[in-house]
Amino acid sequence: MNELHQYQKPESAEALALGTDPVPAGPYYQDDYFALERESIFKRTWLNIGHVCELPEPGYFIVRELDFANASILVTRARDDVIRAFHNVCTHRGTQLVATDSGKRSTFTCPYHGWTFNNTGELRGAPDFERFYVEKQDCGLHEVSVEVCAGLIFVNLDPSPTQGLRDFLGPFVDQWEQLPVARATTYSEYVYEINANWKLTYDNFQENYHLRFIHARSGGGGAVGEENPFGYPIRYGFHGDHRTQEIWSNPSPVLSDTQKFAFGKLIPALMQKDALQHPFGRSYWATFPNLFMIGTPTQPFVHYVMPVSARKSRGVIRLYWVGEDTNASERFGREFSMTMARDVHSEDRRVIEAAQRGLNSGALEHIHLQSQEVLLRHLFTRVDEKVQAYKKALAGGAV
Ligand code: FES
Ligand SMILES: [Fe+2]
């Protein structure tokens, strides 16, 4: 039996150092805790909002809404090939500049009084500008920090981030750059709105405890099996604010003929050899605060959960592909893979929202996490450290 089929219970020293106490329930539904998370985390952390394949040439742009900050972000690629990000806000009187979520255009004209901006951010022209009391060069769009790693575009609403993206991601950078996502030219996408806190939603995808109950129909993604019914991972890793796991692989997965056909089209070698031997085939990376990625070659999965409010979130699931599909079977393989991801997700959604409804009642002061839910505990611990530090700074008048 190779390493992929062995597993360990996660009682490592590092895991135990996070403690075993119950976790307070309030942070999973209370507005005041969310307000602190928004200020101490989401407005000052690198957040994935897209991929460079959406901006394949100069002139392309995308717009993304960050509801938690009431912000709309315009990301452009200009003639110099540089990717820039701006607040999608006209500097005249604040009108939202671009109303579509993507396109190709090298200038943007405000719908209100016609101020026109270059995709590098400068104010290019404005009707009757002589009558203003300001210089054009002082009217550029307001820039937002943006950096790219492995093709993924991250923004940071902090005007001067304390850390660049590469330092923030640390050892993941080299690993991610070897993944298909770094070379992706297209993707399949599924966006969902969910009536649940961002941590509660995200946590569902950090534990395998639920797989055998919620995904009995869809098979638990090969991460559970007779000899490992609870899907204990091969190992966990803790990397500052981030965390990883190696997902256990069922040595005798039950695959339908359709699954075999579809996955075989994505990885021709799959039928001859265990394609999950791929170096990152069972790797799972969770980066702070709200992104995770799975290296499975048949589902090159990137998922982030963006908060909207304390009890509402928007999730984006993408499967990133390299090159266009070249024939109908490959197309089928990709579509099938995405449909399967959606199917599994629809099983999750019901219980996540039910958990939120229960928590909203305030009936529980605490929730309980077992050893296999250690990644949830790690996220909560890291979030709470930042929230408490921010609260302290607020009380001391430092922010
Ligand atoms: S608000 Fe944009 S041109 Fe007036
Ligand atoms: Fe699930």
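Things to note:
- Scanning the stretch 122-144 for residues that are surrounded by 18 or more Cβ atoms within 10 Å (Cβ to Cβ) and under 30 Å from residue 303 (Cα atoms), we see that the one that is farthest from the chain's Cα centre (by Cα) is 141.
- Of the residues making up the stretch 150-202, those that are surrounded by fewer than 20 Cβ atoms within 10 Å (Cβ to Cβ) and of a type in the set (Lys, Arg) are 166, 183.
- Test: residue in the stretch 337-355 that is outside any helix (DSSP H, G or I) and assigned by TED's automatic domain parsing to the domain that holds residue 194: no
- Any chance residue 213 is in the same structural domain as residue 300 (by TED's automatic domain parsing) and modelled with pLDDT of 95 or more: no
- Residues that are among the aromatic types (Phe, Trp, Tyr) and in contact with a Pro (Cβ under 9 Å, 6 or more places away or on another chain) were ranked within the stretch 319-348; the one that is farthest from ligand 1 (Cβ to nearest atom) is 321.
- Counted as qualifying within the stretch 105-176 are the strands (runs of 3 or more DSSP E) with 3 or more residues that are away from ligand 2 (no atom under 16 Å from the Cβ), of a type outside the set (Lys, Arg) and under 30 Å from residue 289 (Cα atoms), namely 143-149, 152-156.
- Every residue from the stretch 178-211 that is of a type in the set (A, V, I, L, M), assigned to a loop (DSSP other than H, G, I, E, B) and within 16 Å of ligand 2 (Cβ to nearest atom): 196
- In the stretch 24-78, counting only strands (runs of 3 or more DSSP E) that sit wholly within it, the ones holding 2 or more residues that are over 15 Å from the mean Cα position of the chain (by Cα) and of a type outside the set (A, V, I, L, M) span 60-66, 71-77.
The values are calculated or read from the model by the stated rules, or taken from the named source; none is laboratory data. All figures in this text were calculated on a predicted structure; none of them were measured in a lab. When we count neighbours, we look across all protein chains shown, and the Cβ atoms used for this are built from the backbone with ideal geometry, even at glycine.
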